[in-house]
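Peer 1: One structure, as structure tokens, below. Some questions next.
The values are calculated or read from the model by the stated rules, or taken from the named source; none is laboratory data. These figures come from a predicted structure and were not determined experimentally. Positions of Cβ are generated from backbone atoms using ideal geometry, with glycine treated the same way; all protein chains shown enter the neighbour counts. Just so you know, the surface numbers come from the protein's heavy atoms only, side chains and all, with ligands and any DNA or RNA stripped out. Shrake-Rupley method; radii C 1.70, N 1.55, O 1.52, S 1.80 Å.
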Amino acid sequence: MKKYLITLAAASAAGGALAQSSVTLFGVVDAAVTYTRGSGDGSAHKTQLTNSGNMFSRLGFRGTEDLGGGYSANFWMEMGLQNDSGTGFPSNSNNQASGNGPAGVLSFNRRSTVSLAGPFGEVRLGRDYVPAFWNTAIFDPFGTGGGIGANQIYFSGLGGLAAPTGTRASNSIGYFLPANLGGFYGQVMYAMGENDSNALVPGTRVPSKHDGEHTGARFGYQSGGLHVAIATGRTRYASGDLRVTNLGAAYSFGPSLMNLKLTSELYKESKGSTDAKGVLVGFQLPIGPGEIKASYARYKLEPANAVREPTSSKLAIGYVHNLSRRSALYGTLARISNRNGAAQALAGAITMPGRSSSGIELGMRHMF
């Protein structure tokens, strides 16, 4: 028995040496004082202490185990935080409005995946970002953070925050191409709505077994200063499918310490009888320990048989001053202009149709 225990201990030690593991705790805490205002009769302004003005506040755990031969097993669990109030964000169980969890609870809503990676690429299972989200996040200088500079197309769009699969999908199976393809990369995703095979829309005889199913793909090329990517996605809803397609491009000029990055995005989506289009252009310019960034976005709804198409445009400019590699101070100015009945406003404000909304934001971000 003693010899067996010694042999087992030796085998366990050898296995531990071959399969190296690591677990990392990471996160972002970001808070800002934000003032936004609308215009016209019935408009409203608001002063708030907000979160995620520069980067989304979050808390996460990720880990990897080296399986040898270029293979690894990985996990990623990440939750969103509203650190101005100490609360979290809901998740979604079935990619449908009926699957939204309770607001304010802490949940691993941002990502919760397990994956196997190797020379073939990576297969990833769980709640993850849909492919079409990445172009909107990467090719806007302000990203999709919750601040007043955040992507106008994303926050106004049919496929943005209002859609269960505008950013992420639950119950997903994803495949990512390997990284050694000479600058080419890509991913595909299928996510299940997990409905019964005989499911019907409540109160009707309309089949809903595919409600909440999402399929998407993204392919791109990045080498030197050039980065271009195209993505598409479709979510099947009983009330009408949501389709999103976007194309992003960026080019960086100059040495690393003075790197001007020009970005752009073209965006098209449809749901039911409503189409929408958007375009964004912007730049990022490092200046000493900081960075200046700016963007202009235009978003237009195209309802069927509409005489006038509601249109909104947004101009934003900001500065981020890095105190260290982890901490930064930032400030942003933004203004939205509306036409033809559009009434988009910066977060917290209320503006009348066809009028404008403006705001200012000053905050601090720390990463760990």
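Peer 1: Looking at segment 232-246, can you tell me whether even one residue there is buried (at least 21 other Cβ atoms within 10 Å of the Cβ) and not in a strand (DSSP E or B)?
Peer 2: Yes; the residues of segment 232-246 include at least one that is buried (at least 21 other Cβ atoms within 10 Å of the Cβ) and not in a strand (DSSP E or B).
To keep it simple, each residue is scored yes or no on (1) at pLDDT 95 or above; (2) not aromatic (Phe, Trp, Tyr).
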| residue | (1), (2) |
| --- | --- |
| Glu291 | yes, yes |
| Tyr296 | yes, no |
| Glu302 | no, yes |
| Ala306 | no, yes |
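Matching residues to (1) open to solvent by less than 20 Å² (accessible area, probe 1.4 Å); (2) among the basic types (Lys, Arg); (3) out of contact with any helix residue (DSSP H, G or I) (no Cβ under 7 Å at 6 or more places or on another chain):
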residue	(1), (2), (3)
Glu269	yes, no, yes
Leu280	yes, no, no
Glu302	no, no, yes
Tyr319	no, no, yes
Arg325	no, yes, yes
Gln344	no, no, no
Ala349	yes, no, yes
Ser358	no, no, yes
Met367	no, no, yes
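Peer 1: Something else about it: I need a count of the residues in segment 24-52 that are surrounded by 23 or more Cβ atoms within 10 Å (Cβ to Cβ) and over 24 Å from Leu329 (Cβ atoms).
Peer 2: Of the residues in segment 24-52, 1 are surrounded by 23 or more Cβ atoms within 10 Å (Cβ to Cβ) and over 24 Å from Leu329 (Cβ atoms).
Peer 1: Can you name the number of the only condition in (1) closer than 22 Å to Val130 by Cβ; (2) part of a loop (DSSP other than H, G, I, E, B); (3) open to solvent by less than 10 Å² (accessible area, probe 1.4 Å) that Leu158 fails?
Peer 2: (3)
Peer 1: A further question follows. Residues being under 20 Å from Arg243 (Cβ atoms), out of contact with any Ser or Thr (no Cβ under 6 Å at 6 or more places or on another chain) and open to solvent by 10 Å² or more (accessible area, probe 1.4 Å): count how many of those fall in segment 133-143.
Peer 2: Here the count works out to 1.
Peer 1: Give me the pairs: first residue in segment 143-156 and within 16 Å of Ser357 (Cβ to Cβ) and modelled with pLDDT under 85, second residue surrounded by fewer than 24 Cβ atoms within 10 Å (Cβ to Cβ) and of a type in the set (Lys, Arg), beta-carbon distance under 8 Å, and six or more apart or on different chains, which are they?
Peer 2: Short answer, once both residue conditions are applied: Gln152/Arg298.
Peer 1: Moving on. Considering segment 69-91 alone, what residues qualify as being among the aromatic types (Phe, Trp, Tyr) and out of contact with any Ser or Thr (no Cβ under 8 Å at 6 or more places or on another chain)?
Peer 2: Tyr71
Peer 1: Within segment 16-54, work out how many residues are under 30 Å from Ser358 (Cβ atoms) and either in a strand (DSSP E or B) or under 26 Å from the mean Cα position of the chain (by Cα) (or both).
Peer 2: Of the residues in that region, 21 qualify.
Peer 1: Under the condition of being outside any strand (DSSP E or B) and open to solvent by 80 Å² or more (accessible area, probe 1.4 Å), which residue from segment 250-266 is modelled with the highest pLDDT? Break it down stepwise before answering.
Peer 2: Pass one, segment 250-266, residues outside any strand (DSSP E or B): 254-259.
Those left that are additionally open to solvent by 80 Å² or more (accessible area, probe 1.4 Å): 255-258.
Values: Pro255: 69, Ser256: 58, Leu257: 53, Met258: 57.
Checked segment 250-266; the qualifying residue modelled with the highest pLDDT is Pro255.
Peer 1: Looking at Asn198 and the list (1) open to solvent by 60 Å² or more (accessible area, probe 1.4 Å); (2) in contact (Cβ under 8 Å) with a residue 24 or more places away in the chain, which single condition is not satisfied?
Peer 2: (2)
Peer 1: Go through segment 25-49 residue by residue and tally those that are touching a Gly at 6+ places or on another chain (Cβ under 7 Å) and either more than 27 Å from Met79 (Cα to Cα) or of a type outside the set (A, V, I, L, M) (or both).
Peer 2: Result for segment 25-49: 11.
Peer 1: Of all residues in segment 282-300, count the ones that are open to solvent by less than 40 Å² (accessible area, probe 1.4 Å) and not hydrophobic (A, V, I, L, M, F, W, C).
Peer 2: Final tally of qualifying residues: 7.
Peer 1: Also: Restricting attention to segment 178-191, report how many residues are open to solvent by less than 70 Å² (accessible area, probe 1.4 Å) and touching a strand residue (DSSP E or B) at 6+ places or on another chain (Cβ under 7 Å).
Peer 2: Within segment 178-191, residues that are open to solvent by less than 70 Å² (accessible area, probe 1.4 Å) and touching a strand residue (DSSP E or B) at 6+ places or on another chain (Cβ under 7 Å) number 8.
Peer 1: Return the residue satisfying two criteria in turn: it lies in segment 55-85 and is of a type in the set (Ser, Thr, Tyr) and more than 19 Å from Val114 (Cα to Cα), and of such residues it is farthest from the chain's Cα centre (by Cα).
Peer 2: Ser85
Peer 1: Quick check on my filter: what residues within segment 57-112 are in a loop (DSSP other than H, G, I, E, B), polar (S, T, N, Q) and open to solvent by less than 30 Å² (accessible area, probe 1.4 Å)?
Peer 2: The answer is Ser57, Asn94, Asn95, Gln96, Ser107, Asn109.
Peer 1: Scan segment 97-124 for residues that are within 25 Å of Glu213 (Cβ to Cβ), more than 18 Å from the chain's Cα centre (by Cα) and in contact (Cβ under 8 Å) with a residue 24 or more places away in the chain and report the count.
Peer 2: 8
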